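Visitor: If you scroll down you'll find the structure; I have some questions about it.
The values are calculated or read from the model by the stated rules, or taken from the named source; none is laboratory data. Treat the numbers as computed from the prediction; the structure is a model and nothing was measured. In this analysis, Cβ positions are derived from the backbone assuming ideal geometry, glycine residues included, and neighbour counts consider all displayed protein chains. Surface areas here come from the heavy atoms of the whole protein model, side chains and all, with no ligands, DNA or RNA. Shrake-Rupley method; radii C 1.70, N 1.55, O 1.52, S 1.80 Å.
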Amino acid sequence: MLRFMVLVLVLAAGCAHAQSWPSKAIQVIVNVAPAGTADVTARLLAPRLSQALGQPVVVDNRGGGDGYVGLDAVARAEPDGHTLLYSPGSRIMIVPHITARADLDPLKVFVPVAPTGRISLFLMTHPSVPAQDIAALVQYAKANPGKLNFGTPGNGTAPHIAIEVFSREAGIKMTHIPYKGAGPVLKDLLGGQVDLAFDSGTGLPQAKAGKLHLLAVAASARHRDFPNVPTFEEVGFKGVDGGPHFSFYAPQRTPRALIERFNREVAKIMADPAIRERFEAQGLEVAPPLTPDEFATYVRGESARYATLVPEIGLGK
């Protein structure tokens, strides 16, 4: 009887907490640099979340350290639902298999809350690269091993993994230049400091304008605005994809009722045709609605998949 009463009191406290939450602004920490897809989508969702929750939702970029700077900030926050993480899936499910930190194992430190979408990847080259298609790029790279460099948002990010898989399948060697986010990569690609990159969609306007050359798409279908650009699978390269979903996470011990409410609000927003259109315009595939438990299962499964893939392509601990 006593245990039953304790359970009732705990549940009542959780419900009361959920009803009073949020009581102040919610800080969403994005663990990559500004101007990349994670930052752009976080800022797209923030006003809608603020409207749904009745409090300001403030996006705070904490890039660096392969994503661990932002992870550390959220892990140290009070688990009261007022500080959340918004992260590319790669920082949660891939990077720990390359540069692990025992004190910041994402699967132990955070609670998966809700997915939003996953990126398609667009292989873009600077116009100075003498290749107009994938076949010519591979031929040039084989004739000049190590001469081409490629930029990524950081070690273990989805673009990094994708280009390593592509390089392995193509039998080519290029030089990796890691950055702190997709925004700086695009800037240097446009400036010619980087020869090529797997862009997550932010560079599509520059490709339309002819400032960059788009050679192939890592997605299940061609992009609607570039119907003549093939997918990697169409040109014979399998396993090149955009990686896991961008998603929200909360510190461990965050009340379950808060996690469930935030999950529901995100699902409602992602079902809005206007939001889906904005995501798809950037080449993003909208995530299916998942409960917190379903999403946690997804995170564990993807983490296990990359634990195998990472050493296969010559990365990892």
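Visitor: On the given criteria, is Pro145 touching a helix residue (DSSP H, G or I) at 6+ places or on another chain (Cβ under 8 Å) and either in a strand (DSSP E or B) or over 22 Å from Ser220 (Cα atoms) (or both)?
Guide: no
Visitor: Next question. Considering Leu190, Leu186, which residue is touching a residue at least 60 places away in the same chain (Cβ under 8 Å) and in contact with a strand residue (DSSP E or B) (Cβ under 7 Å, 6 or more places away or on another chain)?
Guide: Leu186
Visitor: Based on this model, can you work out whether Pro79 counts as open to solvent by less than 40 Å² (accessible area, probe 1.4 Å), in a strand (DSSP E or B), modelled with pLDDT of 95 or more and more than 24 Å from Leu215 (Cα to Cα)?
Guide: No.
Quick grid of which residues meet (1) part of a loop (DSSP other than H, G, I, E, B); (2) touching a strand residue (DSSP E or B) at 6+ places or on another chain (Cβ under 6 Å); (3) at pLDDT 95 or above; (4) open to solvent by less than 30 Å² (accessible area, probe 1.4 Å):
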| residue | (1), (2), (3), (4) |
| --- | --- |
| Gly243 | yes, no, no, yes |
| Ser247 | no, yes, yes, yes |
| Ala250 | no, yes, yes, yes |
| Leu258 | no, no, yes, yes |
| Arg261 | no, no, yes, no |
| Val266 | no, yes, yes, yes |
| Ile275 | no, no, yes, yes |
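Visitor: Considering only residues that are out of contact with any strand residue (DSSP E or B) (no Cβ under 9 Å at 6 or more places or on another chain) and over 12 Å from Gly67 (Cβ atoms), look in region 101-120 and name the one that is surrounded by the fewest Cβ atoms within 10 Å (Cβ to Cβ).
Guide: Ala102
Visitor: Now, a different point. Can you go through Ala219, Ala207, Ala182, Ala158 and tell me which one is at pLDDT 95 or above, small (Gly, Ala, Ser) and surrounded by 15 or more Cβ atoms within 10 Å (Cβ to Cβ)?
Guide: Ala207
Visitor: If Ile269 meets every condition in (1) in contact (Cβ under 8 Å) with a residue 60 or more places away in the chain; (2) farther than 25 Å from Leu44 by Cα apart from one, which number is that one?
Guide: Among (1) in contact (Cβ under 8 Å) with a residue 60 or more places away in the chain; (2) farther than 25 Å from Leu44 by Cα, Ile269 violates only (2).
Visitor: Now a separate question. Would you point out the residue of region 124-135, among those that are among the small types (Gly, Ala, Ser) and open to solvent by 30 Å² or more (accessible area, probe 1.4 Å), that is nearest to Gly183 (Cα to Cα)?
Guide: It comes out as Ser128.
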